Amino acid sequence: MEFNGRAAQECFDLRPDTASVEAVPEFVGPCALEDDDFPFEEISAVAQAESWRKEINRPIYHVHKWWAQRLGSVFRAILIGALTPAGTDVLNKFYRPIRFHGRTVFDPFMGSGTTIGEAVKLGASAIGRDINPVAHFLVRNALAIHDRAAVHETFQSIERDVADPIRNHYKTKMPDGGNADVLYYFWVKRVDCPECGRDVDLFPSMVFAKHSNPRVHPEAKAVCPTCGEVNSVLHDDNHATCARCASEFNPQSGAANGRKAVCPNCDHEFQIVKTVRDGGAPPSHHLYAKLALAPDGTKFYAAATDEDHRSYASAQKELIARDNAYPVVGIKPGYNTNQALGYNYRHWHEMFNDRQLLCLSILAERIRGIHDPALRDLFTCLFSGTLEFNNLFASYKGEGTGAVRHMFAHHILKPERTPIEANIWGTRKSSGSFITMFEGRIRRAMDYADNPFELGVLNATGKKSTRKIYGLSEPIGSSIADDFISFKNGKRVYLSCGDSSLTDIADGAVDVIVTDPPFFDNVHYSQLADFFHVWQRHILGEGGARSSDSTRSPAEVQNADVSSFTKRLGAVFGECHRVLSDRGLLAFTYHHSRSEGWISVLRAVMESEFEISAAFPVKSEMSVAMPKTQAKEPIDLDIVLVCRKLRREKGHRRDVDLWSAVHSKSANQINRLRAAGRKLSRNDSRIIIMAQLIRMLSRSRTMDSALSILHESENEIESRIEALHSPGVLDGVVS
């Protein structure tokens, strides 16, 4: 029996009252993060365990959706390595209650706040800045001090005032005439056949509900295409007879198949997107089924009834009678919004049906009336997070798992052909509702903030298990400064919203910068964050960071144009150079499968007068995300690039053989990961090699010479990938 982390087992029973807290003094010289033996493979094992349930293992960073929620265990290790001298046993310190009082950590791309929270846990002071108002808002709520009694009292008050009015819109009749709570309504997108004009329901399959493990639980539910009855079938049945109308159908076959659909009335095949666009409005939706909760706690599927349709019509009438019920804001074109625009969704509120808008309006109005600003912000954050699961872009995951697949599972605004409408207030068996989000996000985050823990990974007889280790960290809640002067006058955390190439931080005031910059061509956070922003603005008003109806900014670093991305990233790194002490360091995580991404980073680093002193791989944040599972060669690693200010008296120089150094370092890191049992994709090997290459090139005498070598190295890079990705690699050679 062996614990991942030599100190982990000893710490399992550690408690704050018995822990011997170690204050780590400042030092001069290289840090442990620059050591070749930094334990990245062992930290990756802890990060792997965290990544499977990030919202449980680091709930403080998951009070609200963000698109790059980095792993807390990785950033804890980076901070420890950056703030301890070379030769320190980082893994031992990871599982010890150490403190870095008096040190200042800065994150110019704070995102969900991982760097800030981990710095506070380690006793450091922290500055976080993000250009996106949604990121700034969620981090302020996550890291602020909350009066737990007041939070619970406010929730109970909201429940007393609006729970019943909302729940009444999710009631249905049982066969015996009694009432049941509807957990989920099932809808399908409907278009008119271009040939005959008849309605076509865009079912990809008539099976709409099945278990997440169908081999063990094979029963599923299918809707009859003739009469709409809900039938019990096996998940892989290709023939069924409807229990109501006796018609025969193939449960696996629906009208929609990929980009095309076939009209069941006239057999005309047509392009779905073109037909929707030609309609000039978002597609309509047809309510066909429900999953309800009986008073005895049993759940049952049933076809939608006339009463269910009347209930929906009643909600529509009530919505019309409400003033200023929801924000009416247009959706701007962009890489991550164009797919929704292609389905004629022109405004953010069109992503909800009328009953969802009504219930959200009731809830939003009640939250707007909370007198205490801190509590109003916190419950607006909760409300905003609830939006992710309650819209027409959410779908049904099925039994045996969290039922609602949130709208950002694909990292784009992908129109859902068979959306699910959840009970917005929720029940004891709901998923994605306001009450379950309160328990799963707000309460859990407050628990973690009061008593943070780390994960220890236990390897026993080939099986891994984890255990929570308490007593290592300080509580997280802080009084948050709104400017640098207040921060210097005693507040430990300073958060701001704005362009990180322009800050009010004093020269040389920061000891360590740890961050995760955006990719130039990946998920465009601001385009997606607008979905939340318009509702936050609707509740909280239009002042400060919410002065605009969009979070997009011409100054944001993320940009599909490589030169613009490079220029803006370099400007932020230039500001980092100014605020960083001369003996401080900049460390950031990064990966990219394309050479353009690495060229951009190298240019930004060198133009801001840094050089890369170390680079190593570590587990990235995704383990089960849909974009990763759909990738042919998924990247499971991030690269940590450690940078120092360029020593002017030394100048740029490279006096060792380039490819020997790249090959040796890369082979060592690949072998260490494999020895730890980690399987690497070809792209994982690629980013390890690219990181070592730009580490060496950052020391070149001129930018032009570095970029020239990088541009000319494509064939050599591919050759090294082929050699080092081979399973026969050992000690830097191919056997």
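Hey, among the residues in the range 510-560 that are part of a helix (DSSP H, G or I) and among the basic types (K, R), which one's nearest to Y326 (Cα to Cα)?
Step one: of the range 510-560, the residues part of a helix (DSSP H, G or I) are 525-540, 544-546.
So of that shortlist, the ones also among the basic types (K, R) come out as 537, 546.
Details: R537: 10, R546: 16 Å.
So, considering only residues that are part of a helix (DSSP H, G or I) and among the basic types (K, R), the one nearest to Y326 (Cα to Cα) is R537.
On the given criteria, is A449 closer than 30 Å to S361 by Cβ, in contact (Cβ under 8 Å) with a residue 12 or more places away in the chain, buried (at least 22 other Cβ atoms within 10 Å of the Cβ) and not polar (S, T, N, Q)?
Numbers: closer than 30 Å to S361 by Cβ: no; in contact (Cβ under 8 Å) with a residue 12 or more places away in the chain: yes; buried (at least 22 other Cβ atoms within 10 Å of the Cβ): yes; not polar (S, T, N, Q): yes.
In short, no.
Quick check on I145: is it closer than 25 Å to D447 by Cβ and buried (at least 22 other Cβ atoms within 10 Å of the Cβ)? Give the steps one after another, and end with the answer.
Working: closer than 25 Å to D447 by Cβ: yes; buried (at least 22 other Cβ atoms within 10 Å of the Cβ): no.
No: the conditions fail for I145.
Failed condition for S563, given (1) among the small types (G, A, S); (2) in a loop (DSSP other than H, G, I, E, B); (3) surrounded by fewer than 16 Cβ atoms within 10 Å (Cβ to Cβ), with all others met?
S563 satisfies every listed condition except (2).
Collect the residues in the range 144-198 that are more than 30 Å from N257 (Cβ to Cβ), among the hydroxyl-bearing types (S, T, Y) and assigned by TED's automatic domain parsing to the domain that holds F389, keeping them in residue-number order.
Matches in the range 144-198: Y170, T172.
Does the range 350-379 hold any residues that are free of Cβ contacts under 8 Å to residues at least 40 places away in the same chain and assigned to a helix (DSSP H, G or I), and which are they?
Passing the criteria: L357, E365, P373.
The conditions are (1) more than 18 Å from I442 (Cα to Cα); (2) touching a strand residue (DSSP E or B) at 6+ places or on another chain (Cβ under 6 Å); (3) at pLDDT 95 or above; (4) not acidic (D, E), and I166 fails exactly one of them. Which is it?
Among (1) more than 18 Å from I442 (Cα to Cα); (2) touching a strand residue (DSSP E or B) at 6+ places or on another chain (Cβ under 6 Å); (3) at pLDDT 95 or above; (4) not acidic (D, E), the lone unmet condition for I166 is (2).
Within the range 618-632, is even one residue modelled with pLDDT of 90 or more and under 25 Å from H711 (Cβ atoms)?
The first filter runs over the range 618-632 and keeps only residues modelled with pLDDT of 90 or more, leaving 618-619.
From the residues that got through so far, the ones that are under 25 Å from H711 (Cβ atoms) too are none.
No: zero hits.
Sort out which residues of the range 228-248 are out of contact with any Ser or Thr (no Cβ under 7 Å at 6 or more places or on another chain) and within 15 Å of Y288 (Cβ to Cβ), and write them in order of number. Write out each step before concluding.
To start, the set of residues in the range 228-248 that are out of contact with any Ser or Thr (no Cβ under 7 Å at 6 or more places or on another chain) comprises 228-241, 243-244, 246.
Selection gives G228, E229, V230, N231, R244.
Inside the range 402-492, counting only helices (runs of 4 or more DSSP H) that do not spill past its ends, which hold 1 or more residues that are assigned by TED's automatic domain parsing to the domain that holds A124 and either closer than 19 Å to T114 by Cα or among the basic types (K, R) (or both)?
On the way: elements: 434-437, 444-450, 484-488.
Where helices (runs of 4 or more DSSP H) fall fully within the range 402-492 and carry at least 1 residues being assigned by TED's automatic domain parsing to the domain that holds A124 and either closer than 19 Å to T114 by Cα or among the basic types (K, R) (or both), they are 444-450, 484-488.
Give all pairs with beta carbons closer than 9 Å in which a residue from the range 238-259 that is outside the structural domain of V200 (by TED's automatic domain parsing) and free of Cβ contacts under 8 Å to residues at least 12 places away in the same chain meets a residue that is hydrophobic (A, V, I, L, M, F, W, C) and part of a loop (DSSP other than H, G, I, E, B); count only pairs at least 6 apart in sequence or on separate chains.
These pairs meet every condition: E248/C242.
Is one or more of the residues making up the range 325-345 buried (at least 20 other Cβ atoms within 10 Å of the Cβ), within 25 Å of L183 (Cα to Cα) and of a type outside the set (D, E, K, R)?
Yes, that holds for at least one residue.
The values are calculated or read from the model by the stated rules, or taken from the named source; none is laboratory data. Everything numeric in this text was worked out from a predicted model, so none of it was measured. In this analysis, Cβ positions are derived from the backbone assuming ideal geometry, glycine residues included, and neighbour counts consider all displayed protein chains.
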